[in-house]
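Student: One structure, as structure tokens, below. Some questions next.
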Amino acid sequence: MKLSAILLLIGLAIIGYAYSLTPYKDEALFNERYMALSAGQSTEYWKLRDEMLTPKFQLQDYGGTLIAIAAVISIVSRKGWKQVKSPTSRATMFGVTFAAPFLTVGAYVFDLFQGFDRGEFPHWADSIGIPLMGAPVLLAFLLVWSGAHLAFLRGPYQPVPLVLAVSRKSSWWLLSVSAVTGVLVVLCASVGQYWYAIPGVVWLYFYISLAAARRATNAAEPVAPEGRYSGKPASRP
């Protein structure tokens, strides 16, 4: 809890300092050089922008990332990472299944509008219209992707500790996508893209929950001597 509080305070302080800065080192000079560019000189515009930018936007992003990290640490530390469990019910698992795609597309749309607000696109560019058209397609793909992974749920559902997924007996596919997702979350956080890191954490929780639930189900299934499922409850000593 102390670590999360420290990260929260640092994040708020960084954001507060960032808001005291102007976006460009010399606003008048930037606008003068910007207006001297011709339509279509997008590469020159981006070079000019990179040259004239202050750390304002970057500090805002890192401050927001620290706050997001503080929130995750606070949630996990309340129970201890070994006690964090998969969703409490099958319905809640379905909720996570559909929340992850919507959060991801929401992050994509937020990224576009934030970039537009920060002047990442010159006035002659068709800045966000075309990229926004791809949002419904991305959402549909992610919904199919997450929904297909529900096939890993079998039998009665009950919440289980996520640590159960960390085993060679777990699904290699779910462990693989969890590892890739974890790396992507770290990469997004390292560059201050908290809007992508947050959905990434939800995806990671989704995959690990499925892996833990799948392993728990496999461990509870009795197996006949010839190696086939017997269809009867396992006997207990």
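Student: Sort Phe102, Phe94 by heavy-atom solvent-accessible area, probe 1.4 angstrom, most to least.
Tutor: Phe102, Phe94
Student: Given an 8 Å cut-off on Cα distances and at least 6 residues of separation, report the relative contact order of the chain as a percent.
Tutor: Worked out over the chain, it gives 23 percent.
Student: Quick one: angle between helix 42-52 and the longest Cα principal axis of the chain, in degrees between 0 and 90, rounded to 10, please.
Tutor: Roughly 80 degrees, rounded to the nearest 10.
Student: Could you pull out every one of the lysines with an alpha carbon less than 23 Å from that of Lys25, ignoring same-chain neighbours closer than 8 positions?
Tutor: Those lysines meeting the cut-off are Lys47, Lys56.
Student: How large is the Rg to Rh ratio of segment 106-221 when both quantities use alpha carbon positions and Rh follows Kirkwood?
Tutor: Ratio value, two decimals: 1.11.
Student: Specify the angular offset, from 0 to 90 degrees and rounded to the nearest 10, of the alpha carbon long axis of helix 2-18 from the longest principal axis of the alpha carbons in the chain.
Tutor: Between helix and principal axis, roughly 20 degrees.
Student: If you don't mind, another one. Toward the positive end of the charge dipole of the chain, about the Cα centre and with charges on Cβ (Lys, Arg +1; Asp, Glu -1), which of Ser77, Cys188, Gln58 goes farthest?
Tutor: Of Ser77, Cys188, Gln58, it is Ser77.
Student: Could you tell me the accessible area of Arg90 in Å² (1.4 Å probe, neighbours in place), rounded to the nearest ten?
Tutor: It works out to around 80 Å².
Student: Something else: Send over a whole-number figure in Å² for the accessible area per residue of the chain, probe 1.4 Å.
Tutor: On a per-residue basis, 60 Å².
Student: Also, I was wondering about something else. List the lysines whose alpha-carbon lies under 22 Å from that of Lys2, not counting same-chain residues fewer than 8 positions away?
Tutor: Lys2 reaches Lys79, Lys82.
Student: To continue, here is another question. Under the rule a/c < 1.5 gives rounded, and otherwise a/b versus b/c splits prolate from oblate, where does segment 1-128 land using the Cα gyration tensor?
Tutor: Taking the square roots of the gyration eigenvalues as a ≥ b ≥ c, segment 1-128 is oblate.
The values are calculated or read from the model by the stated rules, or taken from the named source; none is laboratory data. Since this is a predicted model, take the numbers as computed values, not measurements. Reconstructed Cβ throughout: ideal geometry from the backbone, glycine too, with neighbour counts over all protein chains shown. When the accessible area is computed, the model is the full protein with side chains, heavy atoms only, and any ligands, DNA or RNA have been set aside. Shrake-Rupley method; radii C 1.70, N 1.55, O 1.52, S 1.80 Å.
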